[in-house]
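Asker: One structure is given below, represented as C-alpha cells, and several questions about it will come after.
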Amino acid sequence: MAATLEKFGRVDGMFANAGIAGAPKSFMDRTPEEWSKMLDINVAGVVRCFQTATRHMLERGAAGDKFGRLVVTSSVAAIEGAATAEHYGASKAAVMGLTRALAVELARHEITVNAIQPGFAASDMTADMFASEKFLKMMLPRQPQRRFAQPSDYGAVAGYLMSDGSGFHTGQGFVIDGGFSIN
C-alpha cells in the first residue's frame, strides 16, 4: 500500500483476491489449527487489507475526495455447502457477512463494497483438484456449460466493480459459476 501511494498518490480500489482452500477432510477430523489458519488467511487477511485501504479512502474523503471501491473474492461455497471443506465455506460466508456490513458502514463515504463468488475456476489453488479424474467425473456434469471457469471469466465484473459506474452498487455478491449453484 505504501509503495502504491508513493507512486500514484492515491488508491481508489482494493481487490482482496488471495486465499487458501485446504485439503478435503471430514469435519470431525479437521483440527483447530486448520480452522485457525483458514480463518486467518481468508477472513482476517481481507480485514487487514480492507482496513488499510479504507483508512486511506476515509482520509481522502475527509479532505473532500470521497470515493472508494473494495472488492473481495468469496466463493459459491459460501452458499452452496462445501462438504469436506466446511472451514473454507465458512470462511467465504464470513467474507460475505463482512462485505454486507462494510457496505452499510461505508456507503455514506461513497465507498462501495462487493464480492465476486466464483464457482470452480482454473487456478494454482485448484490445479490438483482439476487433475483428478474422480473430481472431473463428479463435478463436470453438474456444470451446465460443461466447463470450469477461467480467470478471464471474472475480469469484466471486477472492472465494473472498480469503476465509477458501480457507484450505486454495494453489498452484493456476484455469483459467477456457469450455473453450477442453480443446477
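Asker: Quick one: count up the residues across segment 38-65 that are basic (Lys, Arg) and surrounded by 15 or more Cβ atoms within 10 Å (Cβ to Cβ). It would help to see each step written out before you state the result.
Answerer: Step one: of segment 38-65, the residues basic (Lys, Arg) are 48, 55, 60.
Now narrow it down to the ones that are surrounded by 15 or more Cβ atoms within 10 Å (Cβ to Cβ): 60.
So the answer is 1.
Asker: If the requirement is being at pLDDT 95 or above, under 30 Å from MET138 (Cβ atoms) and part of a helix (DSSP H, G or I), which of these qualifies: MET96, MET57?
Answerer: MET96
Asker: Exactly one condition in (1) touching a Lys or Arg at 6+ places or on another chain (Cβ under 7 Å); (2) part of a helix (DSSP H, G or I) is false for THR112; which is it?
Answerer: For THR112, the exception is condition (2).
Asker: What is the residue count in segment 66-91 for residues that are free of Cβ contacts under 8 Å to residues at least 40 places away in the same chain and open to solvent by less than 50 Å² (accessible area, probe 1.4 Å)?
Answerer: Residues meeting the conditions: 3.
Asker: With the condition kept exactly as written, say whether any residue in segment 127-137 is assigned to a loop (DSSP other than H, G, I, E, B) and in contact with a strand residue (DSSP E or B) (Cβ under 9 Å, 6 or more places away or on another chain). Please lay out each step first, then the result.
Answerer: First pass over segment 127-137, keeping only residues assigned to a loop (DSSP other than H, G, I, E, B): 131-132.
Narrowing further to those that are in contact with a strand residue (DSSP E or B) (Cβ under 9 Å, 6 or more places away or on another chain): none.
Looking for residues that are assigned to a loop (DSSP other than H, G, I, E, B) and in contact with a strand residue (DSSP E or B) (Cβ under 9 Å, 6 or more places away or on another chain), one finds none in segment 127-137, hence no.
Asker: In segment 124-152, how many are closer than 30 Å to VAL11 by Cα and open to solvent by 40 Å² or more (accessible area, probe 1.4 Å)?
Answerer: So the count comes out to 5.
Asker: When the residues of segment 47-100 are filtered to those that are touching a Ser or Thr at 6+ places or on another chain (Cβ under 7 Å) and of a type in the set (Lys, Arg), which remaining residue is nearest to GLY171 (Cα to Cα)?
Answerer: Taking the candidates together, the pick is ARG69.
Asker: Now a separate question. Could you identify the single residue in GLY159, GLY171, GLY155, GLY178 that is over 30 Å from LEU106 (Cβ atoms), of a type outside the set (Phe, Trp, Tyr) and open to solvent by less than 50 Å² (accessible area, probe 1.4 Å)?
Answerer: Sole residue among the options that is over 30 Å from LEU106 (Cβ atoms), of a type outside the set (Phe, Trp, Tyr) and open to solvent by less than 50 Å² (accessible area, probe 1.4 Å): GLY178.
The values are calculated or read from the model by the stated rules, or taken from the named source; none is laboratory data. Quick caveat: nothing in here was measured; it's all calculated off a predicted structure. Backbone-built Cβ (ideal geometry, glycine too); neighbour counts: all protein chains shown. Calculation scope for accessible area: heavy atoms of the full protein, side chains included, ligands and nucleic acids excluded. Shrake-Rupley method; radii C 1.70, N 1.55, O 1.52, S 1.80 Å.
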